[in-house]
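Every number in this text was worked out from the coordinates using simple rules, so none of it is lab data. Quick caveat, the model's predicted, so the values are computed rather than measured. Reconstructed Cβ throughout: ideal geometry from the backbone, glycine too, with neighbour counts over all protein chains shown.
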Amino acid sequence: MTELSIKNISFLICSCTLFFLEILFFGFMQQHSMYLLLLFLITILLDGYQKRVIAVLFFLLCVLAYLDTNMFGSNFTYLSISTITAWYLDEQLRIKIVIPFFVLWTTLLCKIVSDGYLFNIEYGWKKIIIIIMMNSCILAFFLLIKQLIEKNKP
């Protein structure tokens, strides 16, 4: 097996695992506050993965939106904005460590606004701050794991 095929297989295994974990957390808490697949997408978005590999994550996120709201693809309103923001900031900013956090904050704010507009879901300020801080901590953990994996590569 080549290095690219091993990378793609590990990517698919990790994506499916996070998908089932997110369904499991939603089943326990009956609400979304941790967006594991979205954080994984933000983590790998700037690594130069092929578009078809990123499309797998988009599809899993659309299935998750269907399970949550019965509207397949309702999350394209904020996924497209986050992808365009990530690629734009990758070209414009020199400090690469802050890009995933800017993308996360933009995406979460767009998601909260679109949830309010499409589904009439209102979040309080405390809930918004908790969601942003919790997902920022998990994103920092994902980035740390990514950095450790890249550091240990031969």
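The table for this structure:
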{"read-out": "Span-like helix ranges in the chain, DSSP H, alpha carbon extent 15 angstrom or more, Kyte mean at least 0.0", "value": "3-29, 51-69, 76-92, 99-119, 125-151"}
{"read-out": "Dipole in debye (nearest 20) - the range 3-151, about Cα centre, beta carbon charges: Lys, Arg +1; Asp, Glu -1", "value": "200"}
{"read-out": "Residues V63, V103, V98 arranged by fewest to most Cβ contacts within 10 Å", "value": "V98, V63, V103"}
{"read-out": "Cβ-based net charge around Y78, under 10 Å, with every Lys or Arg adding one and every Asp or Glu removing one", "value": "0"}
{"read-out": "Between the range 127-150 and the range 49-117, the Cα center-to-center distance that results, in Å", "value": "15"}
{"read-out": "Candidates L108, L93, L64, ranked by Gaussian network fluctuation over the chain, Cα under 10 Å, top entry", "value": "L93"}
{"read-out": "Computed lengthening from I6 to I132, 0.36 nm per intervening residue step minus Cα-Cα distance", "value": "42.1 nm"}
{"read-out": "Cut-off 14 Å between beta-carbons: net charge of the residues surrounding E150, Lys and Arg +1, Asp and Glu -1", "value": "+3"}
{"read-out": "Kirkwood hydrodynamic radius over Cα pairs of the range 3-151, then Stokes diffusion coefficient at 4 °C and 1.567 mPa s, in µm²/s", "value": "81"}
{"read-out": "Cα-based shape type of the range 81-142, given that a ≥ b ≥ c are square roots of the gyration tensor eigenvalues and the cut on a/c is 1.5", "value": "oblate"}
{"read-out": "Trypsin sites (Lys or Arg not before Pro) within the range 23-95: DSSP coil, no more than 10 neighbouring Cβ in 10 Å", "value": "R94"}
{"read-out": "Fewest-first ranking of I97, I128, using other Cβ atoms within 10 Å as the exposure measure", "value": "I97, I128"}
